[in-house]
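Read-outs: derived from the displayed coordinates by stated rules, not from any lab. Just so it is clear, the structure is predicted and the values come from calculations on it, not from any experiment. No Cβ is skipped: glycine too gets one built from the backbone with ideal geometry, and neighbour counts run over all protein chains shown.
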DNA sequence: TTGATAGTTGACTATTTAGTAAACATCAGT
DNA sequence: ACTGATGTTTACTAAATAGTCAACTATCAA
């Protein structure tokens, strides 16, 4: 599963063959077919397995013990640092694995996009509760937390994909500022980061 | 080029073979290799050819004769109706062809993402000038038109990709409202569309 | 020790795919 | 009609790829 995840992420679903997966995993093809019926089957299992650590990370980032706007700030920061680590390791910004995969296979497969959709929806809820908490705390005026969270999700995924296409980390730099602008946060709080430009 | 564009868009770059392209185009493989060196070569030419009509459409939508915020509203509407037409024709929302392709091939190819990046940047400028005009007309408070346009671009592309993944047009419905919220437009103007919820 | 179960392997087939090269077709200019 | 240039097609090769299967091995409980 690690092998298939990495191959799809660093390349694409279409360019990832069962032979490549087996070679990378140090396993013969017969063994592969003993456990999985197809590449899609394996990918589905790999998405599931890969989601757990991410969810744990999100749980930490969006912990209720953290002030709501700080959660979003940390999420933006996490995204940047995570992609920076990836780029340092493999020479390329890779963006969101689920989103890239979903975009590629959505017209050819049913189960993968469905699973990915679940993950996206699950992720969105972290945003929604952070926005709702911020609203209730009077930090922002956002009675429409659900709608705002949908906007944020599309924005983040778009930004990550753009960073992947351009192989450029700088694209991600605007995330925090745009997030706060989108939510109508006063600029005073996020000033200490960078103010020139 | 029509054949390759449609095959990549309705499927993916990886799932589109030269044989399929030739079959769809009613041409033999020998002829293909007479004009193009590879699939990437053809795709590059097809992107170029396909961009012209889109640019013409954007020129019309973002005409300076149209009030700036109306341009963005029309763009959102155009996106929805365009994707709706696609879904009616082929049964699936397909999103932005350049963005999906770029995400898929960015780690395997250099020329395609570069060309796609140019198109994205070109498109962003329509947003930027609309925002700037709106700012100068006092319709919005957005001295940072360039930054706002980058945010909008990432958001639109993210939304279109999400619509593709979920094969759901409804995802696109929020575009206009989010656009105006992002720009800080007063709600009074866009009220007549839908207000309940 | 044995027997059964789970897992692995190598060798195999059939198909798809990229790419090539020579023969063939069309046609404008002479 | 001849020629050269521009395409087009047929037929082909080599490699990659998906998928199968019988034989083999490891593990472990009885």
Between 0 and 90°, nearest 10: helix A:68-90 axis offset from chain A longest Cα axis: 40 degrees
Cα-based Rg and Dmax for segment A:23-99, where Dmax is the largest Cα-Cα distance (Å): 16.9, 52
Per-copy distances of the residue A:121 label point, shortest first, in nm (7 angstrom along Cα→Cβ): 3.9
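Relative contact order, percent, of segment B:74-179 when contacts are C-alpha pairs under 8 Å separated by at least 6 residues? Write down the numbers at each step before the final one.
Numbers: 86 pairs, mean separation 35.9, N = 106.
Taking the mean separation of contacting Cα pairs over the length of segment B:74-179, I get 34 percent.
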Shortest-first nm distances, residue B:82 label point to equivalent points in other copies (7 Å, Cα→Cβ): 3.0
Principal-axis tilt of helix B:111-136 within chain B, Cα atoms, nearest 10 degrees: 10 degrees
Kirkwood Rh (inverse of mean 1/r, distinct Cα pairs), chain B, angstrom: 18.2 Å
Computed P(r) (all Cα pairs; segment B:1-51; 5 Å bins; percent): 5, 23, 38, 26, 8, 0
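Rounded to the nearest 500, what is chain B's calculated 222 nm mean residue ellipticity when only DSSP H runs of at least 4 contribute -39500 (n - 2.57) each, over all residues? Please report the intermediate quantities before stating the final value.
Numbers: 9 runs with 136 residues, N = 197.
Rounded to the nearest 500, it is -22500 deg cm²/dmol.
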Gain in span if fully extended, residue B:84 to residue B:118, counting 0.36 nm per residue against the direct Cα distance: 9.6 nm
Estimated FRET transfer efficiency (residue B:129, residue A:186; beta-carbon r; R0 22 Å; 0.05): 0.20
Net length gained if the chain between residue B:137 and residue B:2 were fully extended (0.36 nm per residue, minus Cα distance): 44.4 nm
Highest-fluctuation residue, A:92, A:20, A:135 considered, GNM on chain A with Cα pairs under 10 Å: A:20
Volume in Å³ per residue [convex hull over Cα atoms, computed for the protein assembly as shown]: 155 Å³
Proxy reagent accessibility, fewest Cβ within 10 Å first, across B:10, A:16: B:10, A:16
Average projected area [Cα convex hull, segment A:62-113], square nanometres: 5.2 nm²
For residue B:37, inter-copy label distances in nm, listed shortest first [label point 7 Å out on the Cα-Cβ vector]: 4.3
Chain B - percent relative contact order, Cα under 8 Å, separation 6 or more: 20 percent
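Percent relative contact order of segment A:5-111, based on C-alpha pairs within less than 8 angstrom and at least six residues apart?
Taking the mean separation of contacting Cα pairs over the length of segment A:5-111, I get 30 percent.
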Convex hull per residue volume in Å³, alpha carbons only, for segment B:79-161: 100 Å³
Crossing angle, helix B:145-166 versus chain B [Cα axis fit, 0-90 degrees, rounded to tens]: 60 degrees
